[in-house]
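*Asks:* Take a look at this one; I'll ask things after.
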Amino acid sequence: MKPSIPFKGLKEALHRGAIYLAFITTVSVAYASDASSSGNFFRDWLTQTNGVTYGWFGLAEPLKSYGLKVTGEAKEVFFGQVSGGLPNQPRSNWDGEVKLKFQYDFEPIFGIKGLTAESNWRDRFGGSPQFTTGTYNIFNPTQLTSGTGVRILTQQIEYTTPNKAFTINLGWENPYEQFLQQPLSKMFENNAITSAKGIGGTAGPGIIVVNPSANAGGNPPGSQPSAKYPTYQGSYNFKNSPVPWGSTYVAWGGTLKIRPIKQVYIQSGLYLAISGTGDTLGTQYTPTSVYPYTAVPSSYLGTFKTSGQSVPYVNGKGQVVGSQNVGWVPQYNNNHGFNFQGAPKFSPNTHNLGTGATSASSDRNATSKTKPYKQGSRFNATSPYNPGNNGSYSQNGLYNVNEIGWEPKFGKSQLEGKYALGSYIWGQNNYSYTPTAFTPSSDNTVSYGARKPVQTQENQVTWGLYLQADQLLFREKSDDPAKLSKQGLYSFNEFTFTPPQNNQLPFYFQSGLVYKGPIPHRDEDSVGVALGAGFYSSYYNQYIDSQNQQLQYNYGTPNNAPIPDGPTQYQANGTTNSSSTIYVNGKKKGTTTPKSVTQQQQGTALKDAYAYLPHFSSTEVIEGFYNIQLNKWASIKPGVQYIINPAGNGTIGNEWILQVVAKVAF
């Protein structure tokens, strides 16, 4: 869960109050002011171009004469979930954003034409409609839940030649702000369309980190193995960072852009690839983390997990049979963009790094509470002890983005277009989803933790391609023959690809239409509709299958046949620890061999298993809006989103979301 922030409610209330006041004043004065009255303050305020602050209270022009320009924007969005979604979450969510930009031109005082410096800052706050929709991160109904709180953004210095043929910038940068620029897409609210554009899906199942000092019997790390407590390699999949394609990421780097001819450009950027720069939000119970896929009752769907939380557990028939400790859960984390030193050194908590959570005293196998590396019972959550680094792999690398574009103007109407081909390389280690294999211990004896196959193919980078095609399709005639009209029908399109072996969502495309000036005498209004669609990897589904089909016993032991049906977490009611002692319903029942326990399992437990995790297919979002431009600095935009297969695996029904966006410029 997010930590409480002092005066957060007061800050949000003041921000919303300022926007509401601006809108009320704008609408009322627009109709009540006397247009024939010279010097009317309200009329001037409504028609000026420097924003709601009236040109920063008259300081904008004096500051500009010294080279400093200050601009800003405040945005407030309401999301109302009409259908679908997860329970135990609010159906209505408010989200807000305030942005400030300081730009300094070196020409007025220093006489250097084309040299500028800029500083960008942002504050985001509000609810999280994604927790209600249950969507995959890319299809979040809004991008405003990323990088919450006050955040430092791009801080750079830039030089452009007078003929615009050469541009270079250096500093604390974000390639998202310079590549794949598609202004029309930013008129929409769904994160897939306006921001992510299919780039940045989860890259692989994680980085495997092995703890060779861990042992099955709970001896201190580094102790000598014995016949009673054979060694095993405790391991954990640390989450690796996806490509951070969004407004939140910043890192040291630079960008070079060259125009060999007026309509063609080539640009390339090289930056530091810093892992873990995004938020780590509260971990939510999703449809596949509750019954019938796990032992957590379905009533917990949509609620949040917390470390050490005690919840009931159910058997394969959905009957509550006890309680369990969910183990360690990642906590909320946000670096607010001040990671100037890069990612910290990776420091796994090797003492606690094991293969499963410790069972609580109320669990069926009560002995494990004194053995920190012991596998929990089948009813126990599979979360390990805190593995360190908030469960994420910490690493630095290089981040390269390249793009070549053509910006033609067709016909007498000068129909503008933009056609671009780009590529990116995110220099972070990751693993492919396949192949997978059961692994023995380093000494080729029993591998205590190897009940599931693990990924074996490591990769050094994540890469991808994107194609952009934007075109003005029709332009209305202008009342002024000397000027081209902005009214007309615009289109935007984009497609992205990344290798399906390494990414959950390797294929994505979006296509949209926006008509500017759709109604007579409302030339600044606009109406738009867009479709975004992502298609999941077959390799990812193969990985899911491998995780579904576990062994009844650890790799290398007798009778270690795969479990025929269900689940991702499984161990029989009668379990065996490393000394082959059987516990049934928490009571010691003597000792036995794996063969006799297998017979017991085949007789009873296998009839009481959970379901396999389902395959992923695709997710689509359709969004429409009508933007009412009240004046040059204020607008209100009602809209709607329809999300098809939000979770991507058929576990959540289609969703309707109504939204209203209010925006003012400073």
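The values are calculated or read from the model by the stated rules, or taken from the named source; none is laboratory data. Keep in mind the model is a prediction, meaning the values are calculated, not measured. Every residue, glycine among them, receives a Cβ derived from its backbone with ideal geometry; neighbour counts consider all protein chains shown.
*Asks:* Any residue at all in the stretch 157-180 that's in a loop (DSSP other than H, G, I, E, B) and among the β-branched types (V, I, T)?
*Replies:* yes
*Asks:* I've got another one for you. Quick one: in the stretch 298-314, which of the residues that are at pLDDT below 90 and of a type in the set (A, V, I, L, M) is nearest to Y285 (Cα to Cα)?
*Replies:* For the stretch 298-314, the residue satisfying everything is V311.
*Asks:* Would you point out the residue of the stretch 290-321, among those that are of a type in the set (G, A, S) and crowded, with 18+ Cβ neighbours inside 10 Å, that is farthest from P646 (Cα to Cα)?
*Replies:* Among those that are of a type in the set (G, A, S) and crowded, with 18+ Cβ neighbours inside 10 Å, it is G316.
*Asks:* Go through (1) touching a Gly at 6+ places or on another chain (Cβ under 8 Å); (2) among the β-branched types (V, I, T); (3) under 27 Å from N493 (Cβ atoms); (4) modelled with pLDDT under 95 one by one and return the number of the condition V210 breaks.
*Replies:* (3)
*Asks:* Among the numbered conditions (1) in contact with a Pro (Cβ under 7 Å, 6 or more places away or on another chain); (2) buried (at least 20 other Cβ atoms within 10 Å of the Cβ), tell me where G114 comes up short.
*Replies:* So the condition that G114 fails would be (2).
*Asks:* Could you give me the residue pairs with C-beta distances under 7 Å whose first residue belongs to the stretch 58-77 and is loosely packed, with under 15 Cβ neighbours inside 10 Å and in a helix (DSSP H, G or I), whose second residue is at pLDDT 85 or above and not hydrophobic (A, V, I, L, M, F, W, C) wherever it lies, and which are 6+ apart or on separate chains?
*Replies:* Within 7 Å, the pairs are S65/P108.
*Asks:* If you take the residues in the stretch 500-519 that are under 17 Å from the mean Cα position of the chain (by Cα) and among the polar types (S, T, N, Q), which one is nearest to I207 (Cα to Cα)?
*Replies:* That would be N502.
*Asks:* For the structure I just gave you, tell me whether T439 is over 20 Å from the mean Cα position of the chain (by Cα), at pLDDT below 80, surrounded by fewer than 20 Cβ atoms within 10 Å (Cβ to Cβ) and at negative phi.
*Replies:* Yes; evaluated as a whole, the condition is true for this residue.
*Asks:* Name the single residue that is nearest to P506 (Cα to Cα) among those in the stretch 608-658 being more than 25 Å from the chain's Cα centre (by Cα) and among the aliphatic types (A, V, I, L, M).
*Replies:* A611
*Asks:* Quick one: what pairs do we get from the stretch 288-304, first residue farther than 18 Å from G322 by Cα, second among the aliphatic types (A, V, I, L, M) and buried (at least 18 other Cβ atoms within 10 Å of the Cβ), C-beta under 7 Å, 6+ apart or different chains?
*Replies:* T288/L613; L301/L86; L301/V290; G302/L86
*Asks:* Additional query: So which residues in the stretch 284-327 are under 13 Å from G134 (Cβ atoms) and touching a Lys or Arg at 6+ places or on another chain (Cβ under 8 Å)?
*Replies:* Answer for the stretch 284-327, where residues must be under 13 Å from G134 (Cβ atoms) and touching a Lys or Arg at 6+ places or on another chain (Cβ under 8 Å): Q284, Y285.
*Asks:* Looking only at the stretch 41-50, filter to residues that are more than 15 Å from F102 (Cα to Cα) and within 39 Å of the chain's Cα centre (by Cα); which one of those is surrounded by the most Cβ atoms within 10 Å (Cβ to Cβ)?
*Replies:* L46
*Asks:* Would you confirm whether or not the stretch 92-108 contains a residue that is surrounded by fewer than 17 Cβ atoms within 10 Å (Cβ to Cβ), of a type outside the set (F, W, Y) and not in a strand (DSSP E or B)?
*Replies:* Yes: one or more hits.
*Asks:* Another one. Inspect all residues belonging to the stretch 580-593 and state whether any of them is farther than 24 Å from F131 by Cα, modelled with pLDDT of 95 or more and in a strand (DSSP E or B).
*Replies:* Looking for residues that are farther than 24 Å from F131 by Cα, modelled with pLDDT of 95 or more and in a strand (DSSP E or B), one finds none in the stretch 580-593, hence no.
*Asks:* As an exercise: evaluate V661 against (1) over 37 Å from the mean Cα position of the chain (by Cα); (2) modelled with pLDDT of 50 or more and give the number of the one condition it does not meet.
*Replies:* (1)
*Asks:* Considering each residue of the stretch 456-468, count those that are closer than 12 Å to G422 by Cβ and surrounded by fewer than 16 Cβ atoms within 10 Å (Cβ to Cβ), and give that number.
*Replies:* Count: 2.
*Asks:* Still on this structure: Among (1) more than 29 Å from Q428 (Cα to Cα); (2) at pLDDT 80 or above; (3) β-branched (V, I, T), where does T370 come up short?
*Replies:* All conditions are met except number (2).
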